[in-house]
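*Asks:* There's a structure below that I have some questions on.
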Amino acid sequence: MNTISPELMGTFAEVGRDLYSLGLVSSHGGNLSVRVGHDMWITGTGTMLGRLRERHIALVRPDGGHEGPPPSSDTMLHSTIYALGGAQAVAHAHPHHAIAMTFETERFTPPDFEGQHFLQDVPVIAQGPNQVAQVAAALQSRLVVVLQGHGAYARGQTLWEALHWITALEESAHIAWLRSQLRAASSDAPDP
């Protein structure tokens, strides 16, 4: 059986711990993967990203065979993202504000400078039978996308880069939410 390198395992553990400690995944939510050659290392189904160990990471081959734990239920999506090119790592998380801000739209436009500069706009994909292809295709031109009512997927050359885009999205969505609350509060205020 192949074993994951200590350096890569350390990155999986640190990024997973960051996602959990930042409240971007529940105790058993989200997943991470890295492409190495034609193979993919991916977190197993139902693993705790905040407590990742080597036994929680599966090696998935191009033919779909795997070693280690049962791979994430998102394995097909990660594989499709890699097949279309442009990514070496993928992170999936459940950022609360980003999910909430995208229920009623097909595109989220960050209101803040940082979000506009890095993310431009974020496609929102409706859940359905074509969601894997739609998310993977959207990630060819964007750094992060949101699957409506579920969570965000970000691509990068490293897991650290994918983490950056997930956190940038959540920061922008949180700012958008705060703005909406301020607008609502000022419109509800009595006239002097």
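The values are calculated or read from the model by the stated rules, or taken from the named source; none is laboratory data. Please read all numbers here as calculations on a predicted model, not as lab measurements. Positions of Cβ are backbone-derived with ideal geometry, glycine not excepted, and every protein chain shown enters the neighbour counts. Each accessible area value is taken on the protein alone, full model and side chains, heavy atoms only, with ligands, DNA and RNA left out. Shrake-Rupley method; radii C 1.70, N 1.55, O 1.52, S 1.80 Å.
*Asks:* Quick check: is even one residue across the stretch 90-99 modelled with pLDDT under 95 and either within 16 Å of the chain's Cα centre (by Cα) or open to solvent by less than 10 Å² (accessible area, probe 1.4 Å) (or both)?
*Replies:* Our first condition is that a residue be modelled with pLDDT under 95; within the stretch 90-99, this holds for none.
No, because not a single residue in the stretch 90-99 is modelled with pLDDT under 95 and either within 16 Å of the chain's Cα centre (by Cα) or open to solvent by less than 10 Å² (accessible area, probe 1.4 Å) (or both).
*Asks:* Is it true that some residue in the stretch 75-89 is touching a residue at least 60 places away in the same chain (Cβ under 8 Å), within 21 Å of Ala173 (Cα to Cα) and open to solvent by 50 Å² or more (accessible area, probe 1.4 Å)? Quick ask: steps written out before the conclusion?
*Replies:* At the first step, the residues of the stretch 75-89 found to be touching a residue at least 60 places away in the same chain (Cβ under 8 Å) are 77, 81, 86-89.
From what is left, the residues that are within 21 Å of Ala173 (Cα to Cα) are none.
Looking through the stretch 75-89, none of the residues is touching a residue at least 60 places away in the same chain (Cβ under 8 Å), within 21 Å of Ala173 (Cα to Cα) and open to solvent by 50 Å² or more (accessible area, probe 1.4 Å).
*Asks:* Turning to a different aspect of this structure: For the stretch 123-150, which positions are open to solvent by 40 Å² or more (accessible area, probe 1.4 Å) and part of a helix (DSSP H, G or I)?
*Replies:* Going residue by residue through the stretch 123-150, those that are open to solvent by 40 Å² or more (accessible area, probe 1.4 Å) are 126-127, 129-134, 137, 140-142, 148, 150.
Answer for the stretch 123-150, where residues must be open to solvent by 40 Å² or more (accessible area, probe 1.4 Å) and part of a helix (DSSP H, G or I): Gln131, Val132, Ala133, Gln134, Ala137.
*Asks:* Output yes when any residue across the stretch 158-175 is over 17 Å from Leu32 (Cα atoms), in a helix (DSSP H, G or I), open to solvent by 60 Å² or more (accessible area, probe 1.4 Å) and touching a helix residue (DSSP H, G or I) at 6+ places or on another chain (Cβ under 6 Å), and no when none is.
*Replies:* Yes.
*Asks:* Given the conditions (1) in contact with a helix residue (DSSP H, G or I) (Cβ under 7 Å, 6 or more places away or on another chain); (2) open to solvent by less than 20 Å² (accessible area, probe 1.4 Å); (3) modelled with pLDDT under 95, which single one is not true for Gly30?
*Replies:* Gly30 satisfies every listed condition except (3).
*Asks:* On to the next question. Enumerate the pairs (first residue in the stretch 59-71 and farther than 23 Å from Gly30 by Cβ and modelled with pLDDT under 95; second residue anywhere and among the polar types (S, T, N, Q) and surrounded by 12 or more Cβ atoms within 10 Å (Cβ to Cβ)) with beta-carbon separation below 9 Å, excluding pairs fewer than 6 apart on the same chain, so at least 6 apart or on different chains.
*Replies:* Matching pairs, first to second residue: Pro62/Ser79.
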